[in-house]
Amino acid sequence: MIQQVAVILPIVLPLATMAILLLVWKSMAAQKFIGVIGSILLLLSAALLIWLVDREDILVLQMGSWPAPFGITLVADRLSSIMVMLAGLMVCAVTVYSLATVDDRRVQFGFHPLVQLLLMGVCGAFLTGDLFNLYVWFEVMLIASFVLLTLGSERGQLEGAIKYVTLNLISSAVFLAAIGVIYAATGTLNMADLALKLRSFPDEDVVSVLAMLFLIAFGTKAAVFPLFFWLPASYHTPPAAVSAIFAGLLTKVGVYSLIRAFTLLFATDLVFTHNLLLLIAGLTMVTGVLGAMAQSEIRRILSFHIVSQIGYMLMGLALFTTLALAGSIFYIIHHIVVKTNLFLIGGIAERRFGNGRLPEIGGLYRSTPVLATLFFLSAMSLAGIPPLSGFFAKLMLIRGGLEAESYTIVFAALLVSLLTLYSMTKIWAEAFWKPTPEQAIVDDAASDRIRNNRLCLFGPTALLASITVGIGVMAGPLMNASIATAEQLLDANVYIEAVMPRHRLTESDAAFEVPNAESILSDGEFVDVRDSKLDSAPPSIYGPPHQ
Amino acid sequence: MGMSQQTIRWNNFHRESLAIGAGHTRKLERVLKMNSVILKTAIRFLLPLLMLSSVFLFLRGHNEPGGGFVGGLAASGAIALYAMTHSASAARKVIRIPPRAMIGAGLLMSLGSGVVPMAFGHPFLTGTWTTTHISGLGELHLGTPLLFDLGVYCVVTGVTLVFVISLLEE
């Protein structure tokens, strides 16, 4: 029972928080208070989930008692629970940070309910075991992000939002089309069931086409190489709290979906799909980091680095060995923490000067040494300097690459690391090290506000920075956890068995025949796999108890 | 006669809404507020009837076409008509509950329909039923699907009214 509650809580809690926030719409204090409490509760529920998943491997919840593959299944495996945990952690940091940075007008227009809605979509996407349900969670998340992005209606925000909305809608359309095709081809949308049916699908070309459709759909959300243009165009426009939560979570939902799709569903034609993924990973890394070098505004630089690091996460997936995939997972954990923190720190720096353009700011090391320390930790971690978290993430990926003998991608990864270090040093030298330029306008009122809101501003950033250090110190246990996660992902049968326990994975069962007109018309003896299961299931759950 | 006049007004509304600019706001306001005496008088009788029909649609939805969504639309349509003929503030008085609170309450109800079965040890959203006897009505089957649908009804009404009322107040 507690398992079922734990699986649904990360979706129920943000929804309940949002509903309560709508009831207390007028009171600013209540909005802020309930928003923070809801986020903390989400973090606690995520901790419960990760604890239970660690004990029992995979938790499955068949919603409405409809058994898979008929109803909607929620599945919490190791990867899902790690992602939910990170989402909970980030939303806690960001809502506390938002208390001091998001202006009253935005709170009045529903900043906190929207954050909760966003989180419901994100957690739902991490937990669902149904492809169409995943689409719905994507939409929930996107709608919330559209509004969060434009909340405040500043000129830059609207400009960024047009690109963001257009490209994301196109990717949603591709996603929906892919779902239509996959349903027509296999007759199911449950991921475990799909995994079984795609394994023995007679027409390999159809599977390849489907894989490419999903690659485009999820790739756009994850901001991979040719499809990332919406990200640097929009992420620097909203308030820092919003871009921090976007930077931490949204693209990672795309990466999560890619990992799920290309370990569970499309893991048959590895030569084609995963080599393509490897190429995309390399190009994403390199273009992202080169784009960042050309920028001179803190949050724009950081936005391009998100793209570059998505490449690392894909690299492990593309290499498809246990160590490399574990490296990807470790990288995601490290990246979400560090990237969110860098955006939060960039936000504080921007508040002091009114903007984040590097030539116009400086001297932060002198004026706010605490901020400089926090930035230094996160930036060096991003670049991969030992003993911080990024070093171990990259170490795992590069060892994975060497073991798989893909030397080109290893070289690209090392080169990109170096260029990342260059970018981070640039921000450090310009914003923190050099003396405050004469034309810089130090907003004294803002500086006072920063000093008065020290706890809200520096609390979350210090927490995230200490987690970065903590990941470095605790690298051993976390690596083991990542390897366990990767092993679980690579053994798709565990997932399928957990979702559909009655399905015996014998050779005869796994062989799936596509129903064609002939076999049905000629003798009527064609038996769908699903029919046989209908008979063996207890009858009570198929009919509503009340007529 | 009154109807054709309304049609013309709506056509004007569409034509003018294409050209909304700073100068057109007042014109838009004039068009949105329907000053038809016939409609204004009729809506007093129509409002309860339309609300009743929305409740009918809502309850019918259990086994036949209908349900919370379309019922909510019918209800919000009725109130929107009232808001257009009288005023947004008058409509606020008629519905008593702020539309945003309606959304929140509706979400909580639908969420409740998922959580209630968990109290009985069933998975989230499992349909749970109870039977009560009410003198005069006979046996009554009450279940979580009805609660879910009621939530949908409230959310749909609330969302549509937030749109309509904030458009009218602008």
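Here are some notes:
- Peptide B:118-125 - average C-beta neighbours from other chains (10 Å radius): 6
- Packing rank of A:461-473, B:142-154, where each peptide gets the mean count of other beta carbons within 10 Å, highest leading: B:142-154, A:461-473
- Least to most buried among A:Phe458, A:Phe376, B:Phe120, A:Phe392 (fewest other Cβ within 10 Å first): B:Phe120, A:Phe376, A:Phe458, A:Phe392
- Across chain A, the mean sequence separation of Cα contacts (distance under 8 Å, 6 or more residues apart), normalised by length, yields a relative contact order of 15 percent.
- Restricting the calculation to alpha carbons of region A:145-269 gives Rg and Dmax of 16.6, 53 angstrom.
- Degrees, to the nearest 10: A:322-353 long Cα axis against longest axis of chain A: 30 degrees
- Charging the Cβ of each Asp and Glu at -1 and of each Lys and Arg at +1, and nothing else, the dipole of chain A about its Cα centre rounds to 2340 debye.
- Taking each of A:Lys394/A:Lys426; A:Lys32/A:Lys252; A:Lys252/A:Lys394; A:Lys252/A:Lys339; A:Lys26/B:Lys93 in turn, the alpha-carbon distance tops 23 angstrom for A:Lys32/A:Lys252.
- When the protein assembly as shown is described by a simple charge dipole with +1 on each Lys and Arg Cβ and -1 on each Asp and Glu Cβ, the residue from A:Phe214, B:Ala74, A:Val102 located farthest towards its positive end is A:Val102.
- Residues A:Arg260, A:Arg199, sorted so that the one with the fewest Cβ neighbours within 10 Å comes first: A:Arg199, A:Arg260
- Inter-chain shielding of B:41-52 (mean C-beta neighbours from other protein chains, 10 Å cut-off): 0
- Shielding score for B:100-106, defined as the mean number of other chain Cβ atoms within 10 Å: 5
- Between helix A:204-222 and chain A there is an angle of about 20 degrees, using the helix long axis and the longest principal axis of the Cα atoms.
- For chain A, the longest principal axis of the alpha carbon atoms and the long axis of helix A:475-490 meet at an angle near 30°.
- Neighbour-count order for A:Ile345, A:Ile162, fewest beta carbons within 10 angstrom listed first: A:Ile162, A:Ile345
- Distance from region A:350-417 to region A:174-233 (C-alpha centre basis), Å: 33 Å
- Whole-percent P(r), chain A, all Cα pairs, 10 Å bins from 0: 4, 19, 29, 26, 14, 6, 2, 1, 0.
- Global form of region B:96-160, assessed from the alpha-carbon gyration tensor, a/c cut-off 1.5: oblate
- Where only DSSP H runs of four or more residues are counted, the protein assembly as shown gives -24000 deg cm²/dmol as its mean residue ellipticity at 222 nm, each run worth -39500 (n - 2.57).
- Most tightly packed first, judged by the mean number of other beta-carbon atoms within 10 Å of their residues, the peptides B:157-168, A:3-14 read A:3-14, B:157-168.
- Distance between region B:78-137 and region A:104-140 - C-alpha centres, whole angstrom: 22 Å
- Annotation: amide H of A:Asn453 has no partner in the under-5 Å range at sequence separation 5 or more or interchain, hydrogens built in the peptide plane.
- Once you reduce region A:263-337 and region A:467-498 to the center of their Cα atoms, the two points are 18 Å from each other.
- Residues of region A:273-306 with amide N under 20 Å of the 7 Å Cα→Cβ point at A:Ile441: A:297-299
The numbers here are math on the coordinates, done by the rules we state, and not lab data. For clarity, every value in this text was computed on a predicted model and none was experimentally measured. Counting neighbours? That spans all protein chains shown, and the Cβs are built from the backbone with ideal geometry, glycine included.
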